[in-house]
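Enquirer: Shown below is the structure under consideration.
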Protein chains: 2
Amino acid sequence: MKEVDYLALSETVIERIKNGAFLTVKAGDALNTMTIGWATIGFAWGNPTLMVMVRKSRHTFTIMENAADFTVTFPLTNMQKEINLCGTKSGRDLDKFQAANLKIRPARKVISPIIDTPGLHIECTIVYKAAIDPASLVKGHEKLYPRKDYHTLYFGEIQEWYKTN
Amino acid sequence: MKEVDYLALSETVIERIKNGAFLTVKAGDALNTMTIGWATIGFAWGNPTLMVMVRKSRHTFTIMENAADFTVTFPLTNMQKEINLCGTKSGRDLDKFQAANLKIRPARKVISPIIDTPGLHIECTIVYKAAIDPASLVKGHEKLYPRKDYHTLYFGEIQEWYKTN
């Protein structure tokens with residue numbers, strides 16, 4: 001992996017995460033995708049690492065808890081409609097892939113697929129996860145959890161990243 | 001905070017963290033700095049966020065546990081000697097600032113000082129911390145903890161970043 005590629009990847013993550021990306025995960029027959037707007041990227045445990053956060057109220061959370069890996073797709077075209085849908089609807093209530101007309105494509109190195117769209121794709125294996133302990137959150141942050149559905153932090157070791165057109 | 005500045009900051013962190021940076025923390029009268037080689041940067045809880053990791057065996061850990069904030073300084077000159085010293089010696093055994101001839105300078109927005117050297121400085125308030133639960137670590141990572149001195153993860157909300165010459 002060339003350093004310059006990793007730098008470009010990181011810049012893309014930092015630049016685009018606030019606009020939304022697709023977090024896609026598969027465990028057994030269960031599959032879902034959801035919109036994320038927060039993530040951190042860097043090095044941890046000696047490897048390129050991407051951290052994502054999923055509230056325990058989410059359908060995706062149940063799948064993440066049983067999964068070995070996940071993918072994140074940053075769309076390179078305007079997919080605001082799909083991003084909005086996957087950020088507001090639950091995979092419990094509808095097939096989001098069908099509803100948003102999203103197709104999947106097998107990943108290169110992990111079980112979870114990627115979203116088949118022009119984008120930057122990151123494939124990660126889960127190396128550590130931690131449910132947020134509200135007692136350790138700084139005081140002001142409680143307001144982000146009015147329903148007490150705290151995030152679980154998932155640390156993914158980045159196995160592969162690439163662009164598709 | 002201009003987006004482009006944050007992008008440049010993130011790129012610097014990603015590019016330089018493996019070469020070592022100074023994590024400096026002050027709580028009450030206790031002050032220490034140590035070398036870190038791992039970190040992640042991005043957005044979390046709606047804000048620019050830097051995550052650092054400190055093993056519980058470290059003198060710095062004791063101070064971090066009582067601190068409200070920390071700073072990270074990425075040196076822009078060759079400080080390999082100082083980086084090595086601050087990564088191998090403990091503040092319990094010697095005054096690292098004296099031993100490495102490091103001076104400090106007050107930070108702009110936090111209590112912990114910065115290292116007074118040409119560098120990129122990041123000032124963070126601690127918004128969340130979590131001791132690693134070894135039961136949630138992927139199997140292979142146990143080898144990184146032969147003495148079971150697991151890291152605690154500290155999430156800092158970035159308050160300020162700047163270069164000094």
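Enquirer: Which residue in chain A puts its Cβ closest to the axis that rotates chain A onto chain B, and at what distance in whole Å?
Expert: Taking the axis that maps A onto B, the answer comes out as A:Thr40, 2.
Enquirer: Can you list residues from other chains, or at least 5 along the same chain, whose modelled amide H is less than 5 Å from the amide H of A:Arg55?
Expert: Residues meeting the amide H criterion: A:Thr152.
Enquirer: Report the net charge of residues surrounding B:Asn165, where surrounding means a beta-carbon distance below 14 angstrom and charges are Lys +1, Arg +1, Asp -1, Glu -1.
Expert: +1
Enquirer: Let me ask something else. From the phi angles alone, apply the Karplus equation (6.51, -1.76, 1.60; θ = phi - 60°) to the stretch A:12-26 and give each ³J(HN,Hα) in whole Hz, x where the residue is Gly or Pro.
Expert: 4, 4, 4, 6, 9, 4, 5, 7, x, 9, 9, 9, 10, 9, 9
Enquirer: Given label points at 7 Å from Cα along Cα→Cβ, what nm distances, shortest first, separate A:Glu15 from the same residue in every other copy?
Expert: In nanometres, ordered from closest: 1.5.
Enquirer: In cubic angstrom, how much convex hull volume per residue do the alpha carbon atoms of the stretch B:3-164 span? Don't skip to the end; give the middle numbers.
Expert: Values: hull volume 19.1 nm³, N = 162.
Normalising the Cα hull of the stretch B:3-164 by residue number yields 118 Å³.
Enquirer: Ignoring solvent entirely, what values of log10 I(q)/I(0) come out of the Debye formula for the stretch A:89-165 at 0.28 Å⁻¹ when each Cα is a single scatterer?
Expert: Taking Cα atoms of the stretch A:89-165 as identical point scatterers yields -1.18.
Enquirer: Turning to a different aspect of this structure: Averaged across the residues of A:134-141, what count of C-beta atoms belonging to other chains lies within 10 Å of each residue's C-beta? Walk me through the numbers before you get to the answer.
Expert: On the way: counts 1, 0, 9, 6, 9, 1, 3, 8.
Going residue by residue through A:134-141 and averaging, the value is 5.
Enquirer: What is the order of B:Arg108, A:Arg147, B:Arg16, fewest Cβ neighbours within 10 Å to most? Show your work: numbers first, answer last.
Expert: Working: B:Arg108 13, A:Arg147 7, B:Arg16 16.
Going from sparsest to densest Cβ surroundings: A:Arg147, B:Arg108, B:Arg16.
Enquirer: Return the long-range amide H neighbours of B:Tyr162 (sequence gap of 5 or more, or a different chain), with a cut-off of under 5 Å between placed amide H atoms.
Expert: B:His121
Enquirer: Continuing with the same structure: For the protein assembly as shown, list log₁₀ I(q)/I(0) at each q in 0.07, 0.14, 0.15, 0.16 Å⁻¹, using the Debye formula over Cα point scatterers of equal strength and ignoring solvent, two decimals each.
Expert: -0.28, -1.10, -1.24, -1.39
Only the coordinates and a few stated rules stand behind these numbers; no lab work does. Quantities reported herein were computed from a predicted structural model and do not represent experimental measurements. Neighbour counts are summed over all protein chains in view; Cβ atoms, including those assigned to glycine, are modelled from backbone coordinates with ideal geometry.
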